[in-house]
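Structure first, then comments.
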Protein chains: 2
Amino acid sequence: MALNKTVYIGPFIHCESLNQLDICTNGMIGVGEDGKIAFVSRDMKGRQLPAQEGWEHAKMVYTRQYGFFFPGFIDTHIHASQYPNAGVFGKSTLLDWLNTYTFPLESWFSDLDRAARIYNRVVARTLSHGTTTAAYYATVHVPATNLLADICKSRGQRAFVGRVCMDRLSPDYYQDESVESAIYDTQACIDHIKHIDPQFDLVTPIITPRFAPSCTDETLAALGKLHRDTGLPCQTHISENKKEIELVKELFPNHDSYTHVYDQAGLLTPKTILAHAIHLSSEERSLIKTRQAKISHCPASNTALTSGRAAVRTMLDEGLTVGLGTDVSGGYTSSMLTEAREAIFVSRHVAMESGDEAKLSVEEALYLATRGGAQVVGLEDRIGGFEVGKDWDAQLIGLDGVGDTVGLDQRAGLVEIFGEETWDEKVAKWVYTGDDRNTMAVWVKGRLVHSRESFKP
Amino acid sequence: MALNKTVYIGPFIHCESLNQLDICTNGMIGVGEDGKIAFVSRDMKGRQLPAQEGWEHAKMVYTRQYGFFFPGFIDTHIHASQYPNAGVFGKSTLLDWLNTYTFPLESWFSDLDRAARIYNRVVARTLSHGTTTAAYYATVHVPATNLLADICKSRGQRAFVGRVCMDRLSPDYYQDESVESAIYDTQACIDHIKHIDPQFDLVTPIITPRFAPSCTDETLAALGKLHRDTGLPCQTHISENKKEIELVKELFPNHDSYTHVYDQAGLLTPKTILAHAIHLSSEERSLIKTRQAKISHCPASNTALTSGRAAVRTMLDEGLTVGLGTDVSGGYTSSMLTEAREAIFVSRHVAMESGDEAKLSVEEALYLATRGGAQVVGLEDRIGGFEVGKDWDAQLIGLDGVGDTVGLDQRAGLVEIFGEETWDEKVAKWVYTGDDRNTMAVWVKGRLVHSRESFKP
């Protein structure tokens, strides 16, 4: 589908550095037919047409009232298959949660009709939350995993799609039969994505050992080899829960640590996404840094399942690369805006123990949700901010002013701008009180992939 | 305004005890012309008219799809005047937050036009979140405080409206001039509410010393006397922040504890609402229990301002009475549903330190938000659940099913019912993923006080 040249006119905001937003209140961004940013102008005067040659007939998209353009969110850890359980976890913790809620649900995905209903829903919903890129876990099932890739491709969401590998400590009704079948099925999903998106322009396969306890040494090693041979990224969980860590010690008695298990399998590389990373020792963090593996911080899930509090400030100070993940359905929300808020709140609880420097600011949480996530998925040259040459993966945020009348318009969401707010305060109000109603439109690679019913492009 | 007799037909859910919901899937509740529940039927067969004599011509209100009736929420601590700052707090903690954000904002309320805009908004918004009763802090200003009472009365929200007293450690531009003026102005607000609602049917004045550090001994004592003489309830803050507690020690060197300061002023009684109560000693909790004073737990605020984690389980086990408060704008949200969720999450962080028994369940959080709140504001005989003789303070919750089609309807909110959920799971999904879009209609004393644009009564 050919795109029109489009000029996006109005304020734009993105992250300049970990703790600094770049707020351009009078901006104009031109996006070419290839979906890439062709120019960025910071001093748009009035509403005149852009001066650039060849852009005279470009389509124009304007912000309204207190709106602004913001980079799309990057969800670095989400189980698409667990979406129907969002909010259903009781008082469980990781290991009983898996058996009580998660494995039974994931086993549904042998049924393609059910899979279609759920996967369509999760992709549509995360797009509506402004998630332009997601690193998905599917299930063990090849046809359903391929369907998830198809849905991402057709709906236009940038995605990493992983067929889950697990050949032990799983229920009989839901696991890989052997090392060979785990590899064979993983390869089948890789082949399918190569078929629908040969250059992995939008959808990329990702090698996905569920986590060390549910994989034998042999499967981990075979997946490590596949990771090396294909050059494809990999994703897994690490150090989420203390009982899980004990279990890893029992299952892998000859390894120095949980991190070493992955390292020795060849699964700790610059293309590895490690979710949670709550209880890592400083030696483990140091090894992760040496290998340049990446961290997906999942605060909503870590709180909900009482897993613990990841020391994000420590990881950042040590030079680790950190992004955010919703971890549906350990996490109750598929919204990365909510996740950014939860990252701030969990950092407050860390600060109660270890001091104020642990606190994450609004700016930092937004950085993790965009630039940080881009680094985690290895796409920092293509997405995460508004620079010439990057893809237009963006969302239009709408914030409504409170008029002098007293009527509420619930369709406009909960953010209330009274008119005295600075730009920093407007952004803070969005982060703390905003939701999907404020995401008016979403683009990936320049293509409109979601819009509110009230948005007229 | 005369009410019609109305019969509410469909599932209803309320709290049977702290950890038990009463889920009636086939219910019918009749509400008389006085706004009180006249009968409750648990086995409505089909959709036939109620058999009770005199109800043949009653109006009927039905739930739809996965909807249910639920008691209105009771917000036991909210600063109406701070509403424009919801989400604006940076990395501050209590004492700098007061000076940086709060006192400047509250000083605006000398301007009645501004007050009207903000107070109309906060009452409309909290109603839209299903808050049928709120214990409000206003500001020092008499006309604006009276206006808040007027707005609650006209919009039909049950409210406790407190004119804030503070005669020291406040900015010159925003404090009481003397003990006498604090009492005089408080009396003026009491008189106004007596004038508009002589029986305090809907709106009740509440005596409101801001907190011990901003009140002299003399003012506290005078307010204690007023509390005793009038029999009106009182509300204040206690033990929110460690620096605040140090300050109280300095300011009141002859008192045994923060709690004793209020006790000796005559402000610790069965009609006292104490917000926060995070760092209380067991002696203080014991004194509060002896005096039968009530606790408003404000988890969202306590996390946002890094105040600490209140040990709710301990307080409940010790027999204290606990409700929830949004504490806008230390709390970022005016939604009691979100507050219930935050109570659960804060309890998870308490559990990380002190063990699993600290965890609050969905049922317990909902209890605190309804029955617990009713006890805190002294109205447990009138609101908080669905029993004959209680007022119909209720909300109609709508949850949408996920169809076989793939279209999202964002107007319906974020709760997704796939159809396999138990009732407990539906309620959990509402608590964790719901928002104001699921509150289809709200009634106070039988009067419809809010409805979604799509609700047809």
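To keep it simple, each residue is scored yes or no on (1) among the basic types (Lys, Arg); (2) closer than 21 Å to B:Asn302 by Cβ.
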| site | (1), (2) |
| --- | --- |
| B:Ala80 | no, yes |
| B:Asn85 | no, yes |
| B:Thr93 | no, yes |
| B:Leu98 | no, yes |
| B:Ser110 | no, no |
| B:Arg117 | yes, no |
| B:Ala135 | no, yes |
| B:Gln157 | no, no |
Quiz item: Which ones in the range A:46-88 are at pLDDT below 95 and either within 14 Å of another protein chain (Cβ to nearest Cβ) or closer than 30 Å to B:Ser347 by Cα (or both)?
Solution: A:Tyr66
Quiz prompt | Odd one out for A:Glu453 among (1) more than 17 Å from A:His129 (Cβ to Cβ); (2) facing chain B (nearest Cβ under 9 Å) | solution = (1)
Quiz prompt | Residue within the range B:174-185 that is more than 14 Å from chain A (Cβ to nearest Cβ), closer than 16 Å to B:Leu232 by Cβ, β-branched (Val, Ile, Thr) and buried (at least 24 other Cβ atoms within 10 Å of the Cβ) present | solution = no
Practice problem: Evaluate the range A:281-288: report whether one residue or more is over 26 Å from B:Ala351 (Cα atoms) and in contact (Cβ under 8 Å) with a residue 60 or more places away in the chain. | Solution: no
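Which is touching a residue at least 12 places away in the same chain (Cβ under 8 Å), surrounded by fewer than 18 Cβ atoms within 10 Å (Cβ to Cβ) and either under 16 Å from A:Thr139 (Cβ atoms) or within 14 Å of chain B (Cβ to nearest Cβ) (or both), of A:Leu94, A:Leu112? If you could, list the steps in order and put the result at the bottom.
Working: A:Leu94 fails: surrounded by fewer than 18 Cβ atoms within 10 Å (Cβ to Cβ).
Only one candidate qualifies: A:Leu112.
On the basis of being touching a residue at least 24 places away in the same chain (Cβ under 8 Å), under 30 Å from A:Gly355 (Cβ atoms) and among the basic types (Lys, Arg), does B:Lys242 make the cut? Write out each step before concluding.
Values: touching a residue at least 24 places away in the same chain (Cβ under 8 Å): yes; under 30 Å from A:Gly355 (Cβ atoms): yes; among the basic types (Lys, Arg): yes.
Taking the combined requirement at face value, the residue satisfies it.
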Quiz item: B:Ser257 is checked against (1) touching a helix residue (DSSP H, G or I) at 6+ places or on another chain (Cβ under 7 Å); (2) over 24 Å from B:Arg228 (Cα atoms); (3) of a type in the set (S, T, N, Q) and fails just one. What number does that condition carry?
Solution: (2)
Quiz item: Which one is nearest to the other protein chains (Cβ to nearest Cβ), of the residues in the range B:313-339 that are touching a residue at least 60 places away in the same chain (Cβ under 8 Å) and assigned to a helix (DSSP H, G or I)?
Solution: B:Thr338
Exercise. Looking only at the range A:332-373, count how many residues are closer than 16 Å to B:Phe89 by Cα, polar (S, T, N, Q) and surrounded by fewer than 24 Cβ atoms within 10 Å (Cβ to Cβ).
Key: 1
Quiz item: Is the range A:251-261 home to any residue that is without any contact (Cβ under 8 Å) to a residue 12 or more places away in the chain and part of a helix (DSSP H, G or I)?
Solution: no
Quiz item: Inside the range A:414-438, can you point out the residues that are buried (at least 20 other Cβ atoms within 10 Å of the Cβ) and more than 9 Å from chain B (Cβ to nearest Cβ)?
Solution: A:Lys426, A:Val427, A:Asn438
Quiz item: Give me the pairs: first residue in the range B:431-457 and on the phi > 0 side of the Ramachandran plot, second residue modelled with pLDDT under 95, beta-carbon distance under 8 Å, and six or more apart or on different chains, which are they?
Solution: B:Gly446/B:Leu3
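Only one of A:Asp217, A:Asp201 is charged (D, E, K, R) and either within 21 Å of A:Ala144 (Cβ to Cβ) or over 24 Å from the mean Cα position of the chain (by Cα) (or both). Can you tell me which?
Numbers: A:Asp201 fails: either within 21 Å of A:Ala144 (Cβ to Cβ) or over 24 Å from the mean Cα position of the chain (by Cα) (or both).
The conditions single out A:Asp217.
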Practice problem: Quick one: count up the residues across the range B:71-91 that are among the polar types (S, T, N, Q) and either farther than 19 Å from A:Tyr432 by Cα or surrounded by fewer than 24 Cβ atoms within 10 Å (Cβ to Cβ) (or both). | Solution: 2
Practice problem: Would you be able to say whether some residue in the range B:300-310 is surrounded by 24 or more Cβ atoms within 10 Å (Cβ to Cβ), away from chain A (no Cβ under 14 Å) and either modelled with pLDDT of 95 or more or part of a loop (DSSP other than H, G, I, E, B) (or both)? | Solution: no
Quiz item: Under the condition of being within 14 Å of another protein chain (Cβ to nearest Cβ) and touching a strand residue (DSSP E or B) at 6+ places or on another chain (Cβ under 7 Å), which residue from the range A:353-394 is nearest to A:Ile207 (Cα to Cα)?
Solution: A:Leu366
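The values are calculated or read from the model by the stated rules, or taken from the named source; none is laboratory data. These numbers were taken from a predicted model, which means no experiment stands behind them. With ideal geometry, Cβ positions are generated from the backbone for all residues, glycine too; neighbour counts draw on all protein chains shown.
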